[in-house]
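*Asks:* Here it is: the structure, laid out below.
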Amino acid sequence: MIPKTMKAVVLNNVTKASDITLTDFPVPKIKPGWVLVKIKAFGLNHSEQILRLSEIQANYIQKPIIPGIECVGEIVDASDSNFTIGQKVTALMEGMGRSFDGSYAEYALVPIQNVFAIHSELPWARLAAIPETYFTAWGSLFECLDLKPEDTLLIRGGTCALGYAAIQIAKSIGCKVIATTHKKEKLLFLHEADEAILDTGTLAGTRSNITKALELVGPKTLYDTLRCVEKGGIVCNTGILGGLYVLNNFDPIKFIPNGVYLSSFFSNYPTQETIDDIYFFLTEHKLTPYVGKIFSFSEITKACIAMDSGTVNGKIVVTVNESI
Ligand SMILES: NC(=O)c1ccc[n+]([C@@H]2O[C@H](COP(=O)([O-])OP(=O)(O)OC[C@H]3O[C@@H](n4cnc5c(N)ncnc54)[C@H](OP(=O)(O)O)[C@@H]3O)[C@@H](O)[C@H]2O)c1
């Protein structure tokens, strides 16, 4: 039985983590082209923090909005789709938690094209660490950087969920990985990389033979990162941890060194094929998705405070009506 109301985080304005509360909200009504998912768990993302603290003011954000760009759960109403009731799925991106209500809730109504079947016996809390983080790591490393075992990969801004996933994937195919953090006390969290570096803002010229670079700090350090890779190397700008989102007065001739390639990844377009590839890869390489900390849904305030304070080392996962 699908209830009439559910618990959800509903935002209207800029909201500090400590002001997050669960409210009673109507369970969304099914409509053609959309499916209703009973959420079992969801991961928190840096982009949801940005939404909550500033982006919510933008006109393109639906208000009120239930945030949350990803979840895992089960189909409870398949509508006119080919999904079946009880089927295990993940839903992510393409406007989820921005232009339509997202995953900080017990149920989510999601367009069919945003929902993907998953085949895995991992517990819900582990599954929740995969969708956005591993999809983004996967796309950045393979689609954009064309990562190969012989590459030496620099990961700038390694101490985030995405950074840890990227280290795990790159190491598992045999790459040499150099990862950075901007906090000395976090160097030890990068122990899976071959080398951990404290990022003081200038890395160019300090290491040689870097063939690929995953830029997670973003435009703030991109100029320097482009100067870290050797000729023929590729830099993929995926993150914006540095808080600078765009480059003004961008002069490509002077900005991008001769013979270096600049790419970027946007996780807005997941496909069933890529989701299948990621699960296959994780199984084949016997990899367990990293989880920094698991909270229950009633602890959502604590989970968001942990996100804002950067105290959790890796992916924050929230379980909904599931024992942790
Ligand atoms: N392009 C895309 O489609 C896409 C998709 C997903 C994520 N992203 C981006 O990728 C980045 C990582 O996302 P995430 O969800 O994995 O992040 P996250 O796990 O929420 O990580 C946020 C943490 O990163 C740490 N961090 C590491 N280096 C930093 C630096 N130089 N400056 C500031 N903070 C730094 C911060 O902790 P400390 O300050 O304590 O180190 C912060 O708590 C974000 O910028 C996110 O927006 C992009």
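*Asks:* In whole Hz, with x marking every Gly and Pro, tabulate ³J(HN,Hα) for segment 116-131 from phi via Karplus 6.51 cos²θ - 1.76 cosθ + 1.60, θ = phi - 60°.
*Replies:* Result, rounded to whole Hz: 10, 5, 10, 10, 6, 9, 4, x, 3, 5, 6, 4, 5, 7, 8, x.
*Asks:* Along segment 16-32, what does the Karplus equation 6.51 cos²θ - 1.76 cosθ + 1.60 (θ = phi - 60°) give for ³J(HN,Hα), rounded to whole Hz, x for Gly and Pro?
*Replies:* 5, 4, 5, 9, 5, 9, 9, 10, 7, 9, x, 5, x, 8, 5, 8, x
*Asks:* Sorted by mean Cβ packing within 10 Å, highest first, what order do the peptides 19-27, 285-293, 311-319 take?
*Replies:* Working: 19-27: 14.6, 285-293: 16.1, 311-319: 21.2.
Going from most to least packed, we get 311-319, 285-293, 19-27.
*Asks:* A further question on this structure: Taking 8 Å as the Cα distance limit and 6 or more residues as the minimum spacing, I'd like the relative contact order of the chain as a percentage. Each step should come with its number before you reach the end.
*Replies:* Details: 738 pairs, mean separation 61.3, N = 324.
Once divided by the residue count of the chain, the mean separation gives 19 percent.
*Asks:* If you don't mind, there's one more thing I want to ask. How many nm separate the modelled label positions at Lys254 and Phe266, each set 7 Å beyond the Cα in the direction of the Cβ?
*Replies:* Label at Lys254, label at Phe266, 2.8 nm between them.
*Asks:* Which are the unpartnered cysteines of the chain, meaning those with no other cysteine Cβ under 4.7 Å from their Cβ?
*Replies:* Cys with no partner Cβ under 4.7 Å: Cys71, Cys160, Cys175, Cys228, Cys304.
*Asks:* Give the percent of DSSP beta bridges with both residues in the chain that are antiparallel, rounded to the nearest 5.
*Replies:* Numbers: 27 of 52 bridges.
Once the DSSP bridges in the chain are tallied, antiparallel ones form about 50 percent.
*Asks:* Skip the ligands, DNA and RNA, and give the accessible area per residue of the chain with a 1.4 Å probe, whole Å².
*Replies:* Here the residues of the chain average 45 Å² of exposed surface.
*Asks:* Say we join alpha carbon atoms closer than 10 Å with springs in a Gaussian network model of the chain; which of Gly242, Gly73, Gly232 then has the biggest fluctuation?
*Replies:* It is Gly232.
*Asks:* Before anything else, pin down the relative contact order of segment 63-180: Cα pairs under 8 Å, at least 6 apart, normalised by residue count, whole percent.
*Replies:* Details: 173 pairs, mean separation 25.1, N = 118.
Answer for segment 63-180 is 21 percent.
*Asks:* Expressed as a whole percentage, what fraction of the accessible surface of the chain belongs to carbon and sulfur atoms when a 1.4 Å probe is rolled over the protein heavy atoms?
*Replies:* Details: 7760 of 14530 Å².
Carbon and sulfur together cover 53 percent of it.
*Asks:* Let me ask something else about it. When the Karplus curve 6.51 cos²θ - 1.76 cosθ + 1.60 is applied with θ = phi - 60°, which whole-Hz ³J(HN,Hα) does each residue of segment 224-232 get, with x for Gly and Pro?
*Replies:* Once rounded to whole Hz, the list reads 5, 4, 4, 8, 8, 8, 7, 4, x.
*Asks:* Picking from Thr221, Thr200, Thr274, which is most flexible by a Gaussian network model of the chain using Cα springs under 10 Å?
*Replies:* Evaluated over the chain, the most mobile residue of the options is Thr200.
*Asks:* Oh, and also: Longer than 26 Å from Cα to Cα, which of Lys40/Lys183; Lys183/Lys231; Lys184/Lys293; Lys176/Lys302; Lys183/Lys315; Lys4/Lys40 are they? Say none if no pair is.
*Replies:* Details: Lys40/Lys183 34 Å; Lys183/Lys231 29 Å; Lys184/Lys293 21 Å; Lys176/Lys302 36 Å; Lys183/Lys315 18 Å; Lys4/Lys40 18 Å.
Over 26 Å Cα-Cα: Lys40/Lys183; Lys183/Lys231; Lys176/Lys302.
*Asks:* Right, something else. Could you work out the helix-only [θ] at 222 nm for the chain, with each DSSP H run of four or more residues adding -39,500 (n - 2.57) and the total divided by the number of residues, to the nearest 500 deg cm²/dmol?
*Replies:* Rounded to the nearest 500, it is -5500 deg cm²/dmol.
*Asks:* Taking the Cβ of Pro289 as the centre, find all other residues whose Cβ is under 10 Å away and add up their charges (Lys, Arg: +1; Asp, Glu: -1). Don't jump to the answer; show the numbers that get you there.
*Replies:* Working: positive: Arg126, Lys315; negative: none.
Residues close to Pro289 contribute a combined charge of +2.
The values are calculated or read from the model by the stated rules, or taken from the named source; none is laboratory data. These numbers were taken from a predicted model, which means no experiment stands behind them. Note that we place each Cβ from the backbone using ideal geometry, even for glycine, and neighbour counts take in every protein chain shown. These accessible areas exclude ligands, DNA and RNA; they are computed on the full protein's heavy atoms, side chains included. Shrake-Rupley method; radii C 1.70, N 1.55, O 1.52, S 1.80 Å.
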